[in-house]
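Heads up, the thing below is written out as structure tokens.
Read-outs: derived from the displayed coordinates by stated rules, not from any lab. Only a predicted model underlies this, so the values are computations on that prediction, with no experimental measurement involved. A quick note on method: Cβ atoms are made from the backbone with ideal geometry, for glycine too, and the neighbour counts reach across all protein chains shown.
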Ligand SMILES: Cc1ncc(COP(=O)(O)O)c(C=O)c1O
């Protein structure tokens, strides 16, 4: 029997050896080609989120470490100590863990911290959301989702094969209408939105969920640690804990680790590890990672001063930007400048970076193509003088970046906030 091999094309040199690139079929070639072409039109020949590299002394407003806890000595000490003293780091799926594991102890601490009966530690916020949706929804479950909810929940809907009905961002009436039309199901939202930094109308949405017998899932990735009593989140601060079925969160934001969490009932926490594919078919966290998270939780609980500074810093930047005409919808530490198009955002990125200020570009697929934006994330460790410098820069570049003709600016001016 003869076999046909794909043609081998271009030669290249690696480690002093000549090797050959394997060509790819046209369906993949087209996708790679489109990516190459999209990058070619960028001023620096790189993907839009990648601008200049910050240097020592740059003002970096990109990190999700809102409480400035990375490298906290108690956290690094806890990780090192676990690495040095643990008998062995177990490298396996959590389905094989027994009662009393480090994972279970941390979960108990997180449940107590947030006021939930139970918690499930996941490998990331992404896997928490995908796993949760796969474990609670199927093709017969209507899922109601705010348009701006994080991509991981949208992907969770796909992996569950559920039918979704998207409601306009923060539009309670639209949500209620959809629920009346399609019946009880699951309502998905973020408490604090990761692109614009605005906060969901949580009381009203949870009320709808309860009145129509829906399951509620609130992603608190950007409010866990930063909001509520001792950082226990927005749902806790509004007294809604007993009325929400699930809170999910990334622990790669204020917790500055690499993990995710689901807060839920005890019954659910016993069901999930043996049901969600992301829990069964992906290895659990390592003990030294859990030791770091446990130490971080203590720092967060004791972090009222850090939270106060964070919220003061965020208000200072938000108010300053609003005063000079930027359309800011943020109510939090996430502050978006919204040029709209990719090319306008590229101009803004370069204008800021030339002056040593670094934010994060959010473009497709994180935003619709015509809603590209620059996100500035504030943290508690930044000094007012640095924020004043950022404001001075933003004031100086308004004409250069054509701020007055951004769609967001025009909208704000026709409908002043
Ligand atoms: C709202 C929200 N949910 C979930 C995630 C995913 O978290 P992780 O980075 O831990 O996978 C993120 C991170 O971007 C997020 O912003």
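Quick look at the values:
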item: The range 304-361: Cα Rg divided by the 2.2 N^0.38 Å rule of thumb; result: 1.25
item: For the chain, built as a Gaussian network whose Cα springs stay under 10 Å, the top-fluctuating residue of 322, 103, 158; result: 322
item: Shape metrics for the range 65-150, restricted to C-alpha atoms - Rg then Dmax, Å; result: 17.0, 50
item: Protection-proxy order for peptides 273-279, 253-259, 32-38, each taking the mean of Cβ atoms within 10 Å per residue, highest first; result: 253-259, 273-279, 32-38
item: Cα Rg over Rh - the chain, Kirkwood; result: 1.00
item: Most to least packed among 10-17, 56-63 [average Cβ atoms within 10 Å]; result: 56-63, 10-17
item: Whole-number percent relative contact order across the range 73-301, with pairs defined as alpha carbons under 8 Å at least 6 apart; result: 31
item: Kirkwood-type radius of the range 228-366, with distances r between different C-alpha atoms, in Å; result: 18.6
item: Calculated Rg and Dmax of the range 113-215 using C-alpha coordinates, Å; result: 13.3, 37
item: Candidates 355, 42, 19, ranked by Gaussian network fluctuation over the chain, Cα under 10 Å, top entry; result: 19
item: Volume of the Cα convex hull of the range 73-301, divided per residue and given in Å³; result: 105
item: Cα-derived Rg over Rh, computed across the range 292-417 with Rh taken as Kirkwood radius; result: 1.02
item: Ordering of 333-340, 181-188 by burial proxy (mean other Cβ atoms within 10 Å per residue, highest first); result: 333-340, 181-188
item: Taking the C-alpha atoms of the range 130-190, convex hull volume expressed per residue in Å³; result: 62
item: For the range 101-178 versus the range 308-328, the gap between their alpha-carbon centres in whole angstrom; result: 30
item: The chain: relative contact order as a whole-number percent, Cα under 8 Å and 6+ apart; result: 21
